[in-house]
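Colleague: For reference, the structure I am asking about is given below.
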Amino acid sequence: MEYMLINHTDPNGPGPAPGTPEFEEFMGRWMAYNQKLIEGGHWVAGASLAPPDTATTVERANMEAVGTVDGPYAETKEVFSGFYLIKADNLDIALALAKDMPVDTGFIEVRPVAFRPDA
Amino acid sequence: MTKVEQAVTRLARNDASRVLALLADRFGSIDVADDAVQEALIAASATWPERGIPLNPAGWLMTTARRKAIDRLRADRAERDRQEKAGALAILSDAPLVGGANDLIDDGDISLEGSGTSQLRLMLLCCHPALDPKSRVALTLRLVGGLTTPEIASAFLLNEPTLAQRIVRAKRKIRDAGIPMSMPTSIEERLAILLQVLYLIFNEGYLSSTGESGLTRPDLHSEAIRLTELLSQLTDGTPEVDGLLALQLFTMARSQTREDIHGDLILLTDQDRTAWDRAMILRANNVLNGALADMSPGPYQVQALIASHHANAASDDATDWPMIADLYLQLEQMTGSDIVRLNRAVAVAKADGAHAGLSVAESITTLDQHHRYHAVRAELLRLAHRWDESLEAIDRALERQPPPAEERFLNRQRQQVQTERAD
């Protein structure tokens, strides 16, 4: 199966500033995590998203685009900040990988992929 | 109930989950396995009255359900082939058809040997943290307990569509999210949820025993005990599992004396101890001693130990209240629960007097909305001869809408306090 790991984190939450040694260490953890997914045969795709103030939301209703507004879909403290698309035999494996992700503080939603046209 | 109906119910309760677990392992789908078992049970009800009850009903169920599962998978496959031939898109939301062609070859293996580990994994699946808590209870009773949806609905006083919906949704999530029926890496975490579910089913037994509608409801006390016994066997007597089992048996042994013929509560102090089920208490003692010998304490063992002090005491006065107060303190430290502290207040009052009990009760700040908190305070205040405050606490308890039996009890308490004050 394929699962999407969807990160919801607070952009103003704790985290080291770029250029500091702590930041190097922080990035190192993410690189190691990516490597683990690749070597484990789990990697399909992944991305870290630009902050929510760069987001634009398009609304559709009744099969038509009805509006375009500045900002992310849901205004909450946590925002959709990145995702992984992974292969895993079952939910337990996907959950174990999600629990290992080096997110400092936040939520990781795990959702099965129903259909992917390029797969 | 006719003989056949009894036999089918027994089959559903005792053997269906073994068969279901084995088929789910074999065909990789809870849905397919559950439907097959249900269809086989329906077939039993339909054909046994004429053909007679087979000598080995469990074997019959395995053979019949297995054949129904294979029929269903063959039909699904044929339908998929047909649609693919018709040029339809690949079926997007169809149940993943698990396994290769080998799965559909009937190798005639109908052995029920080794169903134990499958059954344990099925139990743990029903308590997966990715399922919502209410569904865990319903699913456990349905897939492991072999209760029908209407039976579960009536036991929980819920309407049938609501309950059916809950089960369907849970089964769909298992299928679509790919929740596996495999041994979890942390069995402790999962076992804790499972014990919570069994504890909840047992406690719900009180609700089902006080129903008024005259329906025959499954006895959830017995169902919970049966499932806990099964879990104890499957986990080779894990101490906390046996702790819960002992707790259930101690509670069950006293259940006949808990209410009078009007359904009014009888306090432990006033219960007829000669009517307690001695044989069951002895059994509970044995189970608990076995658990304690492992020296791996936990909250269910402590609760069972408290229950054992009550069950084995000759009278209320002969009860070792200081020990019980101490056990409640241990339990409080394990669970951090203020309900436990409230129970400790009662035990402390018995051991060291009403004032000592009151000071424990008054250190609780989170239970103001609970009628039981005020009911306990009322009783302790009465024992401390603080009549007016006791009456006030009774009023507060009544304002918080206690269940009818407790409401009647509180009204009797009020009269008693008034009489005592007048003396």
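Colleague: Of the residues that make up the range B:326-333, is at least one under 20 Å from B:ASP270 (Cα atoms), modelled with pLDDT of 95 or more, within 28 Å of the chain's Cα centre (by Cα) and not assigned by TED's automatic domain parsing to the domain that holds B:ASP272?
Modeller: Let us first name the residues in the range B:326-333 that are under 20 Å from B:ASP270 (Cα atoms), namely none.
There is no residue in the range B:326-333 that is under 20 Å from B:ASP270 (Cα atoms), modelled with pLDDT of 95 or more, within 28 Å of the chain's Cα centre (by Cα) and not assigned by TED's automatic domain parsing to the domain that holds B:ASP272.
Colleague: Follow-up question, since we're still on this one. Are there any strands (runs of 3 or more DSSP E) wholly within the range A:37-96 with 1 or more residues that are under 16 Å from A:ILE108 (Cβ atoms), and if so which?
Modeller: Values: elements: A:43-48, A:56-61, A:64-70, A:79-87.
The qualifying strands (runs of 3 or more DSSP E) are A:43-48, A:79-87.
Colleague: Another one. Just give me the residues in the range A:93-116 being within 11 Å of chain B (Cβ to nearest Cβ), in contact with a strand residue (DSSP E or B) (Cβ under 7 Å, 6 or more places away or on another chain) and of a type in the set (A, V, I, L, M, F, W, C), in sequence order.
Modeller: Correct list: A:ALA94, A:LEU95, A:VAL110, A:VAL113.
Colleague: As an exercise: evaluate B:ALA170 against (1) in contact (Cβ under 8 Å) with a residue 40 or more places away in the chain; (2) within 27 Å of A:GLU2 (Cβ to Cβ) and give the number of the one condition it does not meet.
Modeller: (1)
Colleague: Taking the stated definitions as given, is A:ALA17 within 14 Å of another protein chain (Cβ to nearest Cβ), surrounded by fewer than 13 Cβ atoms within 10 Å (Cβ to Cβ) and not in a strand (DSSP E or B)? Step through it out loud before you land on a result.
Modeller: Numbers: within 14 Å of another protein chain (Cβ to nearest Cβ): no; surrounded by fewer than 13 Cβ atoms within 10 Å (Cβ to Cβ): yes; not in a strand (DSSP E or B): yes.
In short, no.
Colleague: Looking only at the range B:179-207, count how many residues are within 14 Å of another protein chain (Cβ to nearest Cβ), closer than 26 Å to B:ASP31 by Cβ and not hydrophobic (A, V, I, L, M, F, W, C).
Modeller: Within the range B:179-207, residues that are within 14 Å of another protein chain (Cβ to nearest Cβ), closer than 26 Å to B:ASP31 by Cβ and not hydrophobic (A, V, I, L, M, F, W, C) number 6.
Colleague: Taking the condition of being within 13 Å of A:LYS87 (Cα to Cα) and surrounded by fewer than 13 Cβ atoms within 10 Å (Cβ to Cβ), how many residues in the range A:35-59 meet it? Spell out how you get there, then give the answer.
Modeller: First, pick out the residues of the range A:35-59 that are within 13 Å of A:LYS87 (Cα to Cα): A:36-46.
So of that shortlist, the ones also surrounded by fewer than 13 Cβ atoms within 10 Å (Cβ to Cβ) come out as A:38-39, A:41, A:45.
Going through the range A:35-59 one residue at a time, the tally reaches 4.
Colleague: Check every one of the helices (runs of 4 or more DSSP H) wholly within the range B:1-83 and list those with 3 or more residues that are closer than 21 Å to B:LEU141 by Cα, polar (S, T, N, Q) and at pLDDT below 95.
Modeller: Values: elements: B:3-14, B:16-27, B:30-51.
Result: B:3-14.
Rundown of residues vs (1) exposed (fewer than 12 other Cβ atoms within 10 Å of the Cβ); (2) modelled with pLDDT under 90; (3) in contact with an Asp or Glu (Cβ under 6 Å, 6 or more places away or on another chain); (4) more than 30 Å from B:VAL197 (Cβ to Cβ), yes/no style:
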residue	(1), (2), (3), (4)
B:ALA86	yes, yes, no, yes
B:SER93	yes, yes, no, no
B:GLU113	yes, yes, no, no
B:MET123	no, no, no, no
B:LEU131	no, no, no, no
B:ALA138	no, no, no, no
B:THR149	no, no, no, no
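Colleague: Out of the residues in the range A:14-55 meeting the condition of being in contact with a Ser or Thr (Cβ under 8 Å, 6 or more places away or on another chain) and closer than 14 Å to A:PRO102 by Cα, tell me which one is modelled with the highest pLDDT.
Modeller: So, considering only residues that are in contact with a Ser or Thr (Cβ under 8 Å, 6 or more places away or on another chain) and closer than 14 Å to A:PRO102 by Cα, the one modelled with the highest pLDDT is A:SER48.
Colleague: Now a separate question. If a residue has to be surrounded by fewer than 15 Cβ atoms within 10 Å (Cβ to Cβ) and touching a residue at least 40 places away in the same chain (Cβ under 8 Å) to count, how many in the range B:46-71 make the cut?
Modeller: We begin by selecting, within the range B:46-71, every residue surrounded by fewer than 15 Cβ atoms within 10 Å (Cβ to Cβ); these are B:46-47, B:49-52, B:55-56, B:71.
This time we only want the ones that are touching a residue at least 40 places away in the same chain (Cβ under 8 Å), so: B:49.
Of the residues in that region, 1 qualify.
Colleague: Could you list, in sequence order, all residues of the range B:330-351 that are within 17 Å of B:TYR373 (Cβ to Cβ) and either among the aromatic types (Phe, Trp, Tyr) or touching a Lys or Arg at 6+ places or on another chain (Cβ under 9 Å) (or both)? Lay out the reasoning, then the answer.
Modeller: Of all residues in the range B:330-351, those within 17 Å of B:TYR373 (Cβ to Cβ) come to B:332, B:335-349.
B:GLU332, B:ILE339, B:LEU342, B:ALA345, listed by residue number.
Colleague: Right, another one. Taking the condition under 16 Å from the mean Cα position of the chain (by Cα) and within 14 Å of chain B (Cβ to nearest Cβ), does A:LEU85 pass?
Modeller: Details: under 16 Å from the mean Cα position of the chain (by Cα): yes; within 14 Å of chain B (Cβ to nearest Cβ): no.
Here the answer is no, as A:LEU85 does not meet what is asked.
The values are calculated or read from the model by the stated rules, or taken from the named source; none is laboratory data. Since this is a predicted model, take the numbers as computed values, not measurements. Glycine also receives a Cβ, built like all others from the backbone with ideal geometry; neighbour counts cover every protein chain displayed.
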